[in-house]
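Below is one structure; the comments refer to it alone.
The values are calculated or read from the model by the stated rules, or taken from the named source; none is laboratory data. This structure is a prediction, so every number in the text was calculated from the model and none was measured. Glycine also receives a Cβ, built like all others from the backbone with ideal geometry; neighbour counts cover every protein chain displayed. Areas reflect the complete protein model, heavy atoms only, side chains present, ligands, DNA and RNA absent. Shrake-Rupley method; radii C 1.70, N 1.55, O 1.52, S 1.80 Å.
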Amino acid sequence: IMRTPLLLLALLWQPAPHAASLAISTGGEQGIYYQVIKEFCRLANKSDPTLSCKPQASSGSIENLRMLQAGETPYALVQSDWLYQASQGIGPFARQPQPELRTLFATHAEPFTIVVRADGDITTLAQLKLAPIDMGLKHSGTRQTALALFHALGTREQDLDLKSVANLSEALCSKQIDAYGLVMGHPNRIVLATAKRCAIRFLPIEGEVRERLLKGVKYYQRSQVPARIYPGNLKATPTFAIAATLVTNAATPDEDVYRLTKAMLSQQTGFNEQTYGYANLFHKARNKTGPVLSVPQHPGAARYFEELNSAGKL
């Protein structure tokens, strides 16, 4: 006689949903990638408490792509140019292509930014050819992007006076170098530190040179260094950018990707504006998908954006 209530209790009792721990590989803990994913995870965990989403520090895009391929991380934030090359098996990925890479959405633009002294002689890109400049470490993403720009200008690497300085702010303001370039979201700590030492401005990258650079390339887009973030720079400066993109592999279950995408994006109006890099965030859903993605979108993420589109919210 007692069996029925016990059976009924067993049927009625269901364990609480298990919080799945989701690590997303980013970059260094002080960097924009880590801060942006930390904030997206805060929103995701608030929206769906059964998700336990957290950023995982790494050395950046190249390591993240290697970890994705090795199955050491389920998700990662990656620069769109490295992502495209890995997917196509070109450049540093020629021996280990990753055609299985799939995107969720793009989080923010990272404009290629060239900083010069406001009282310096350099006002055009052509003048960089003769000047001591720092365009990142030899094998860095910044150096690769800078060389692509100089190639569009018809300038070879051996025609440039490329330096590698320890402190960009100090080197620029003390005239050891005349310019430095970085691929970065804004506001940026290095640029803010430089602006405190000496007056700065940004070199515009626009017109024919920018169009030549963008032609036939999926991972660059038109962009700008935002106005009124740095002292003395009241107008936006045109340039081009890569997109920081949240990535997984094709084998990740559709339902998992859908759930994470929805949890991250359904509350993005509450994004913390103190998060470093917020000036270049893709706030509108329609800017996070479509042409900005340099490799195919995962069906789970595409499902969420299709729902937004059907509801007239894209």
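Observations
- Across q = 0.19, 0.21 Å⁻¹, the stretch 182-314 modelled as identical point scatterers on its alpha-carbon atoms has Debye log10 I(q)/I(0) values of -1.18, -1.29, in the order of the q list.
- For the stretch 167-241: span of alpha carbons on each principal axis (Å, largest first): 39, 25, 18
- Taking the chain as a Gaussian network of alpha-carbon nodes connected by springs under 10 Å, the highest mean-square fluctuation of the residues Gly154, Gly120, Gly89 belongs to Gly154.
- Cβ-derived FRET efficiency at R0 22 Å, Phe271 paired with Thr50, nearest 0.05: 0.55
- Given +1 at the Cβ of Lys and Arg, -1 at the Cβ of Asp and Glu and no other charges, the dipole of the stretch 149-243 around its Cα centre is 360 debye to the nearest 20.
- Cβ-Cβ FRET estimate between Gln176 and Ala118, R0 fixed at 25 Å, reported to 0.05: 0.90
- Inter-label distance, Ala236 to Thr155: 2.5 nm, where each label sits 7 Å from its Cα along the C-beta direction.
- Remark: for residue pairs Lys54/Lys284; Lys175/Lys196; Lys38/Lys313, the C-alpha separation exceeds 18 Å in Lys54/Lys284; Lys38/Lys313.
- As a length-normalised measure over Cα pairs under 8 Å and 6 or more apart, the relative contact order of the chain settles at 25 percent.
- With a 1.4 Å probe rolled over the protein heavy atoms of all chains, the accessible area of Cys41, Cys173 falls in the order Cys173, Cys41, largest first.
- About the Cα centre, charge dipole magnitude for the chain (Lys/Arg +1, Asp/Glu -1 at Cβ), debye: 380
- Per DSSP, loop GluC sites (Glu not before Pro) in the stretch 200-294 with at most 16 further Cβ within 10 Å: Glu206, Glu273
- Gaussian network model of the chain, Cα within-10 Å springs - most flexible of Leu130, Leu162, Leu51: Leu130
- Charge tally in the Cβ shell below 10 Å around Val292, where Lys, Arg are +1 and Asp, Glu are -1, Val292 excluded: +3
- Pairwise label distance in nanometres, Ala285 with Leu214, each label 7 Å out on the Cα-Cβ vector: 2.6
- A simple count of charges around Pro238, restricted to other residues whose Cβ falls under 11 Å of its Cβ and scoring Lys, Arg +1 and Asp, Glu -1, yields +2.
- Dipole orientation for the stretch 211-288: of the candidates Ile229, Tyr278, Met264, Ile229 has the Cα lying most toward the positive pole (charges on Cβ; Lys, Arg +1; Asp, Glu -1).
- Reachable aspartates and glutamates, given that their alpha-carbon falls under 16 Å from the alpha-carbon of Lys163 and they are not under 8 places away in the same chain: Asp134, Asp178
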